[in-house]
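What follows is one structure encoded as structure tokens, with my remarks underneath.
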Amino acid sequence: FAALGAEDPVAVYDAGTDPHRPERLTLMSELREALDRNQLRLHYQPKLRLADERIDGAEALLRWQHPLRGAIPPDAFIPLAERTGNIRRVTRWVLASAIAQAHEWAARGHELRIAINLSARDLDDADLPTRVADLLSLHAVAPRTIVLELTESAVMGEPDTAVQVLKRLADLGIDLAIDDFGIGQSSLAYLRRLPVREIKIDRFFTQKLGEDVGDRTLVRSIVELGHRLGYRVTAEGIETRAAFEYLREVGCDHVQGYYIATALEPDALEAMLGRDESAAARGVRA
Ligand code: C2E
Ligand code: MG
Ligand code: MG
Ligand code: MG
């Protein structure tokens, strides 16, 4: 495991104090193997625009089908990859794959914005904006087709590099979104100083929208304040018609969640878009 952390000298993972060290090191060496063998996949979860109920975007979500262990969810390996310095290789693969996919869909006439998750550690990488710009020109993808999602904690630290990286990404014409909004430490007052265009309300606040009066008030306030500050607002984790209706009522821009669809293989998403587009052509709601 000599290569662990080698590409990233500032990795903070302390293997010496980790009781699960052997398993975790194995998992990380298997992750690098999976990258080399192209065993990772991206699935895409549709994003529905409430104004006309059309799917106009999708979020790329990483899927690792391990040959022996089966499906390993991102929460089981992304945080570890962040701590061990392996995240940059993962992010590079994700960016290349999602931007290539964005090109394919645009070439087939689908107007779709592709959202890609970045981790906090990616913002330490001053080369990231150049890498993204190169991928966009390689695949002839318009920057406005891409949204990069970052959690509140990723942008809160405010080291100079992170802010510079965010600004350079925004200058390319890419939209930045704050993921899992509401559960972290950030305030809208702070975020306003960053080039952020969208906030995504964490599913923690949307899961009980059908019955919880407090959550309804909170979500309505986030949508209203977000709009006054000029953000697009997306609600995550929409699982019920009640939540969906409430978000439409309060004027939320986009919704995402199992009520609309889970993350789908690219072909399955495209089939869904096809149905959506032909329904729109006939003038009926999807
Ligand atoms: P996230 O970016 O907040 O993604 C939303 C997560 O919620 C996804 O889980 C999605 O499948 C799940 N989800 C969507 N709708 C619903 C719903 O209605 N109900 C419930 N209960 N869950 C829903 P997933 O795919 O397991 O990803 C978990 C996290 O892993 C993501 O949270 C993101 O932080 C991270 N992740 C995923 N892919 C990537 C990636 O390519 N790069 C990085 N850096 N992180 C990623
Ligand atoms: Mg996300
Ligand atoms: Mg989220
Ligand atoms: Mg999350």
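The values are calculated or read from the model by the stated rules, or taken from the named source; none is laboratory data. Not measured: the values here are computed from a predicted model. Quick reminder, even Gly has a Cβ in these numbers, built from the backbone with ideal geometry, and neighbours come from all protein chains shown. Note: accessible area is taken over every heavy atom of the protein model, side chains too, but ligands, DNA and RNA are not part of it. Shrake-Rupley method; radii C 1.70, N 1.55, O 1.52, S 1.80 Å.
Entry comment: accessible area of the stretch 36-162 is 43 Å² per residue, from protein heavy atoms only and a probe of 1.4 Å. Two numbers describe the Cα atoms of the stretch 101-171: Rg and Dmax, which are 13.1, 41 Å. Three semi-axes describe the equivalent ellipsoid of the chain; taken as square roots of 5 times the Cα gyration tensor eigenvalues and ordered largest first, they are 31, 23, 20 Å.
Per atom type, the chain shows carbon and sulfur on 50% of its accessible surface, probed at 1.4 Å. Value of Rg to Rh for the stretch 124-239, rounded to two decimals, is 1.02; Kirkwood radius and Rg both from alpha-carbon coordinates. In this structure the stretch 245-286 gives 53 Å² per residue of accessible area when probed at 1.4 Å with all protein chains present.
Near THR217, once Lys and Arg are set to +1 and Asp and Glu to -1 for all other residues with Cβ below 14 Å from its Cβ, the sum equals -2. Put simply, the C-alpha atoms of the stretch 157-213 give a gyration tensor, and the ellipsoid matching it has half-axes of 27, 12, 8 Å, longest first.
All other residues whose Cβ lies under 14 angstrom from that of PRO73 are scored, Lys and Arg at +1 and Asp and Glu at -1, for a net of +2.
Mean sequence separation of contacting Cα pairs (under 8 Å, at least six apart), scaled by the length of the chain, corresponds to a relative contact order of 18 percent.
By the equivalent-ellipsoid construction on the alpha carbon gyration tensor, the stretch 78-120 comes out with semi-axes of 27, 9, 5 Å, ordered largest to smallest.
How would you classify the stretch 184-286 from its alpha-carbon gyration tensor, with a ≥ b ≥ c the square roots of the eigenvalues: rounded for a/c under 1.5, else prolate if a/b is greater than b/c, otherwise oblate?
Prolate, because a/c is 1.5 or more and a/b exceeds b/c.
Can you give me the span-like helices of the chain, meaning DSSP H runs with 20 Å or more of Cα extent along the axis and Kyte-Doolittle mean at or above -0.5? The qualifying helices are 87-107, 213-228, 266-281. Average 1/r across all pairs of distinct alpha carbons in the stretch 49-173, invert it, and you get the Kirkwood radius: 15.6 Å.
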